[in-house]
Amino acid sequence: MAEKKKPKIGVYVCHCGGNISDTVYVDQVADYAEKLPDVSLVRSISHMCSEEGQKAIIEDIENEHLDRVVVAACSPQFQGETFKKAAAKAGLNPYMIDMANIREQSAWPHFEDRQKATEKAKLLTKMAVERMEEAEPAQAEKIPIGKSVLVIGAGIAGIQASLDLADAGFEVHLVEEKPAIGGHMAQLSRTFPTNDCASCILSPKMADVMEHPGIHLYRYSEIEEISGTVGDFQVKIKEKPTYVDAEACTACNQCTEVCPVIVPDEHDMGLTLRKAIYLPSAIAIPHAHVLDENACLGLEPLACGKCAEVCHVNAINYDQKPKEIDVKADTIIVATGYDIFDARLKPQYGYAKFENVLNALELERILVHMGEGKMIKKLGKRIAFVQCVGSRDAQVGNLYCSRICCMYATKLALMLKHMDASRDIYMFYTDLRAYGKGFEEYYRRAQEMGIKFVRGRPGELRENPDNKKIIVKVEDTLTRNILEGEFDQVVLSVGLRPSEGTIEIAEKLKLPRGPDGFLQEAHAKFKPLDTAVEGVFIAGTAQGPKDIPDSVAQASGAAARAIRLMNRGEFELSPVKAAIDPGLCDGCGMCVEACPANAIAMMGGMAAVNTPSCKGCGACISSCHADAIDLKVFTNAKIMEEIEAALEDKKPGENRIILFADDMCTYRLADGVGTAKMTYSPDVLIIRVPSSARATPEMMARAFELGADGIMLGECEPAVSPFPGTGQVIGKQVEQLKSMLDKAGIEKERVLFSQYVTVMFSRFVNETNRMSDITRKLGNIPEEKRKKLARIAKEEKEAMQ
Amino acid sequence: MTRVIKLSAANEEFTRRINELTNDMITLCEQCGICSTSCPVAEEMDIPPSEIMRLVQLGDEYVLETKAIWVCASCYTCTVRCPRGVDLSKVTEALRQIKLRTNMNYLDIDHIDPEELRNLPAIALVSAMRKYTG
């Protein structure tokens, strides 16, 4: 082998404007870095991500001929791309630059102890430098990407995203589970803070969806299956039969008139009745009748058949079957929306028990019908609103504010007052949040109209048995008096929760959800429309409660994000892929079985990786007895260097724990913990891997041999993991390691495998601290045991061969 | 008359002490008042439960002089309804404990009519001693 050129590494220590330098003595880190092998230049700069910082890197690469760069700053999740781009500008392969995460992993979580934080920052920098000694340039493979988008959900967000995409010349497949599009907005009376009629502004948009040549609408449809990746999503859509030819139907209503079956109308929240064959709503688009097969007496003409008899255009067809449609999509926009909080979960408010306790959506429907001159429920003179029902409530597990209830209740109160100025309307609120454009003025208008805002949350509602009115008892917290009053109706301003569809799609697409249950964005600040899955974007209330303007803005944004990806016509694949050395592979086929993504196949007696399908988890590596597989970018050599760097200067009595953190969940979780300034043991040193399956038993045994006191492995919980099936692989590898430890007489408690989602902050802190306590109590592993372990590991490897 | 509450280090110490006795939940109260109308005996209190919480948050020891903390029946309705998950029953118990530990007696057994003493159930005496201490 040709002798390797001696690397020239540049190290840049960032102060992050005090974020790092207030805790870590950055000069000490810089001095320390100077002495590291192959480091030819060290700079200490206030903001590395600024133009000044990037310029320094670019100039040093050009003038000083650096061939590797380590930026000791924040998380690579945060600024990794910035520095890769800077390197590329200077002609350095982007995989020759990497970061040491001394902010999220040191300055922030260890802010209480400046010296410890500095020591850890030094160690992290050293680990990055030595890892980069083994770095090799990598090239991302480019694959073509088409122009078709799957939009899931045809509420206002889905509609807006579809129209924007279709107008820009992209092909849209819009899937809606209900028989008509429009979502919740189609149920609303008016919209705040402008008071325009919801259906009047929505209808034209819905009509545009129907008429747009670029939009294929699949309503009354479900997503049965989604597989594939960006540029090549395979979608199976099941279109349920409506038994009515929508093209032919003239919505003349004769079928509905003769239908003998009566069921509650879901569009009116069950306040009115509909027939088994019905028009989903007055503004339904498509404007055609639908036959509800669950309510219908029987699709056999013998059972009833009245509707078909009267249909003069012969639009009704009892033989319609569900249709399965296969669609290929390059990107996906999830706009699956919300459901309202089920007020029955707060029994003290008597919803569904007292006839005069309504939820706000029911009042919307009552007001819509009233506007059309139809009284579906008589409303009295005294009406009260109870805010925050199902929001900001630890008792039902919803800590979040639903954001829209203050304003929709104000709107409903205003409408009630406009209809009858003699009405007395009270709003019992916790905090009034009028944060949006025009909201404060809207609130003021309500006050001017005489709506009484009382700061207090009622404990319970009672029904007066004589007149069915509702008795509200509430503390006016501003005067400390208890108020009691009887109201004709009490309206519960129910909060929002992720819809059933949102939960289902999240599972199908493996999209992480936050602690509030809504879809988690890829980055709270800078990627609010992206998800953890490449090519999948989110819009509307599926991501969190928001009003119509915010949903529309987000939908247009998500459309733009999707266009950004597709418009280039090609897409860069991650270079992190398994690579098989044909010179070493002996064709045993073990890796074929080990691959959780079925990306390895035997070809001509040798294993071959199907690069686009390979997800880059590294689970195949430990299955290869011939050491023929490596993972690009996260190579064996690099990780081994990093482990050695983490342990080689360890003094007796010191405690060090290696945590293999998967990139998607554990690494981000540790970033989150750091950002929240939650402290955990500085003994824990994080090695970033795509998946913990990448940490082979051999590698872990070697870490123990070199002096690690404990090893932790973090992986995503299966529901959110980008790598299906790695959990089992890791479990097996950990068992293998534990049996080796057992034979060497080393305690098995020194190994811990956990599956996380990115929000398990306290669990992460508890587990890292516990591991640190356990290993400190056990003390360092004696040398002879470590040597024995190395022997055992070697023997096992030989036995495999 | 409007009371003036002076904010001093002593107030912080008082809040800290209650926090310690109740697992650090005092600051979570957002003064929504749900406790006051969930409490079955609030109308018998001189200040409503929500005000007890506010005074504790402000570290105002005046709260120890209120009758409300003794009227509290520890029925836990406030606790199960508090949207912030604050255990209000624990707070009133902590306040009572602090007061009890000052060892002030207002009930003098010797001055109870012996006849009455014979007829009173033991449990009534125990709870009376507890209630009228402090």
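Inspection of region A:660-675 identifies no residue that is surrounded by fewer than 17 Cβ atoms within 10 Å (Cβ to Cβ) and among the basic types (K, R).
Any residue at all in region A:22-35 that is over 26 Å from A:G674 (Cα atoms) and not in a loop (DSSP other than H, G, I, E, B)?
Taking region A:22-35 and keeping what is over 26 Å from A:G674 (Cα atoms), we get A:34-35.
So of that shortlist, the ones also not in a loop (DSSP other than H, G, I, E, B) come out as A:34.
Scanning region A:22-35 turns up at least one residue that is over 26 Å from A:G674 (Cα atoms) and not in a loop (DSSP other than H, G, I, E, B).
Of everything listed in (1) without any contact (Cβ under 8 Å) to a residue 60 or more places away in the chain; (2) surrounded by 15 or more Cβ atoms within 10 Å (Cβ to Cβ), the single unmet condition for A:M269 is (1).
Take residues that are over 30 Å from A:A198 (Cβ atoms) and in contact (Cβ under 8 Å) with a residue 60 or more places away in the chain and tell me which of the strands (runs of 3 or more DSSP E) falling wholly in region A:92-174 contain 2 or more.
Details: elements: A:97-101, A:142-144, A:148-152.
Hits in region A:92-174: A:142-144.
Restricting the first member to region A:322-338 and to residues that are over 13 Å from A:E222 (Cβ atoms), and the second to residues that are part of a loop (DSSP other than H, G, I, E, B) and of a type in the set (F, W, Y), the beta-carbon pairs closer than 9 Å and six or more apart or on different chains are A:D330/A:F170; A:T331/A:F170; A:Y338/A:F518.
State the number of residues belonging to region A:524-538 that are of a type in the set (F, W, Y), surrounded by 17 or more Cβ atoms within 10 Å (Cβ to Cβ) and not in a strand (DSSP E or B). Even if it seems obvious, please write down each step before you answer.
Just the residues of region A:524-538 that are of a type in the set (F, W, Y), to begin with: A:526, A:537.
Next, only the ones that are surrounded by 17 or more Cβ atoms within 10 Å (Cβ to Cβ) stay: A:537.
From the residues that got through so far, the ones that are not in a strand (DSSP E or B) too are none.
Total meeting the criteria: 0.
For region B:1-15, a tally of residues being in a helix (DSSP H, G or I), over 24 Å from B:C75 (Cα atoms), touching a residue at least 40 places away in the same chain (Cβ under 8 Å) and not acidic (D, E) returns 3.
What do you reckon, is A:V70 of a type outside the set (F, W, Y), crowded, with 22+ Cβ neighbours inside 10 Å, outside the structural domain of A:A506 (by TED's automatic domain parsing) and not in a helix (DSSP H, G or I)?
Details: of a type outside the set (F, W, Y): yes; crowded, with 22+ Cβ neighbours inside 10 Å: yes; outside the structural domain of A:A506 (by TED's automatic domain parsing): yes; not in a helix (DSSP H, G or I): yes.
Yes.
Does A:M415 satisfy being in contact with a Ser or Thr (Cβ under 9 Å, 6 or more places away or on another chain), within 14 Å of chain B (Cβ to nearest Cβ), outside any loop (DSSP other than H, G, I, E, B) and under 19 Å from A:R190 (Cβ atoms)? Judged against the criteria, A:M415 is not a match. Candidates in region A:415-428 are the residues that are surrounded by fewer than 22 Cβ atoms within 10 Å (Cβ to Cβ) and in contact with a helix residue (DSSP H, G or I) (Cβ under 7 Å, 6 or more places away or on another chain); of these, the one that is farthest from A:D196 (Cα to Cα) is A:R423.
This table checks each residue for (1) without any contact (Cβ under 8 Å) to a residue 40 or more places away in the chain; (2) in contact with a Leu (Cβ under 9 Å, 6 or more places away or on another chain); (3) surrounded by fewer than 16 Cβ atoms within 10 Å (Cβ to Cβ).
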| position | (1), (2), (3) |
| --- | --- |
| A:C252 | no, no, yes |
| A:I262 | yes, yes, yes |
| A:R274 | yes, no, no |
| A:E300 | yes, no, yes |
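Residues that are within 11 Å of the chain's Cα centre (by Cα), over 30 Å from B:A9 (Cβ atoms) and among the charged types (D, E, K, R) are absent from region B:99-110.
Those residues that are within 14 Å of chain B (Cβ to nearest Cβ) and not hydrophobic (A, V, I, L, M, F, W, C), I need them from region A:438-458; list them, please. Matches in region A:438-458: A:R455, A:G456, A:R457, A:P458. Restricting attention to region B:28-64, the residues being more than 9 Å from every other protein chain (Cβ to nearest Cβ) and at positive phi number 1. Note on region A:23-52: residues that are surrounded by 14 or more Cβ atoms within 10 Å (Cβ to Cβ) and acidic (D, E) amount to 2. I need every pair where a residue in region B:94-109 that is at pLDDT below 85 has its Cβ under 8 Å from the Cβ of a residue that is of a type in the set (S, T, Y) and in a loop (DSSP other than H, G, I, E, B), sequence separation at least 6 or different chains. Taking only residues 6 or more apart or on different chains, the pairs are B:N105/B:Y132; B:Y106/B:Y132; B:L107/B:Y132.
Can B:M25 be described as under 19 Å from A:L399 (Cβ atoms), within 13 Å of chain A (Cβ to nearest Cβ), in contact (Cβ under 8 Å) with a residue 60 or more places away in the chain and of a type outside the set (D, E)? Taking the combined requirement at face value, the residue satisfies it.
Would region A:229-236 turn up any residue that is aliphatic (A, V, I, L, M), touching a Leu at 6+ places or on another chain (Cβ under 9 Å), within 30 Å of A:A532 (Cβ to Cβ) and at pLDDT 95 or above? Yes - at least one qualifying residue is present in region A:229-236.
Out of region A:200-232, which residues are part of a helix (DSSP H, G or I) and surrounded by fewer than 21 Cβ atoms within 10 Å (Cβ to Cβ)? Lay out the reasoning, then the answer.
So in region A:200-232, the residues part of a helix (DSSP H, G or I) come out as A:200-211.
Selection gives A:C200, A:I201, A:S203, A:P204, A:K205, A:A207, A:D208, A:M210, A:E211.
Could you count how many residues in region A:183-196 are touching a helix residue (DSSP H, G or I) at 6+ places or on another chain (Cβ under 8 Å) and in a strand (DSSP E or B)? Give the steps one after another, and end with the answer.
Start the filter on region A:183-196 by keeping residues that are touching a helix residue (DSSP H, G or I) at 6+ places or on another chain (Cβ under 8 Å), which leaves A:183-193, A:195.
Adding the requirement that they be in a strand (DSSP E or B) leaves A:190-191.
Residues meeting the conditions: 2.
For region A:659-698, name all the residues that are of a type in the set (A, V, I, L, M, F, W, C), under 18 Å from A:M771 (Cβ atoms) and part of a helix (DSSP H, G or I). Selection gives A:L669, A:A670, A:V673.
Among the candidates A:A138, A:A121, A:A154, A:A180, the residue that is buried (at least 21 other Cβ atoms within 10 Å of the Cβ) and touching a helix residue (DSSP H, G or I) at 6+ places or on another chain (Cβ under 6 Å) is uniquely A:A121. From A:L478, A:L483, A:L461, grab the single residue that is touching a residue at least 60 places away in the same chain (Cβ under 8 Å) and either crowded, with 18+ Cβ neighbours inside 10 Å or within 14 Å of chain B (Cβ to nearest Cβ) (or both). From the options A:L478, A:L483, A:L461, the qualifying one is A:L461.
Counting only residues that are charged (D, E, K, R) and within 14 Å of chain A (Cβ to nearest Cβ), how many does region B:87-116 have?
Within region B:87-116, the subset charged (D, E, K, R) is B:87, B:90, B:93, B:96, B:99, B:101, B:108, B:110, B:113, B:115-116.
Those still in the list that are within 14 Å of chain A (Cβ to nearest Cβ) too: B:87.
Final tally of qualifying residues: 1.
Whenever a residue of region A:36-59 is over 20 Å from A:A121 (Cβ atoms), its partners that are among the basic types (K, R) and assigned to a loop (DSSP other than H, G, I, E, B), lying with C-beta atoms within less than 7 angstrom and at least six residues away or across chains, give the pairs A:S40/A:K8.
Is there a residue in region A:662-671 that is among the aromatic types (F, W, Y), closer than 30 Å to A:E521 by Cα and outside the structural domain of A:N19 (by TED's automatic domain parsing)? There is at least one residue in region A:662-671 that is among the aromatic types (F, W, Y), closer than 30 Å to A:E521 by Cα and outside the structural domain of A:N19 (by TED's automatic domain parsing). Of the residues making up region B:69-86, those that are within 11 Å of chain A (Cβ to nearest Cβ) and either surrounded by fewer than 18 Cβ atoms within 10 Å (Cβ to Cβ) or over 19 Å from A:Q395 (Cα atoms) (or both) are B:V80, B:G85. Taking region A:774-790 as the range and being in contact (Cβ under 8 Å) with a residue 40 or more places away in the chain and in a helix (DSSP H, G or I) as the test, the residues that pass are A:I774, A:T775, A:R776, A:L778, A:K785, A:R786, A:K787, A:K788, A:L789, A:A790.
The values are calculated or read from the model by the stated rules, or taken from the named source; none is laboratory data. Because the structure is predicted, anything quoted here is derived from the model rather than measured. In this analysis, Cβ positions are derived from the backbone assuming ideal geometry, glycine residues included, and neighbour counts consider all displayed protein chains.
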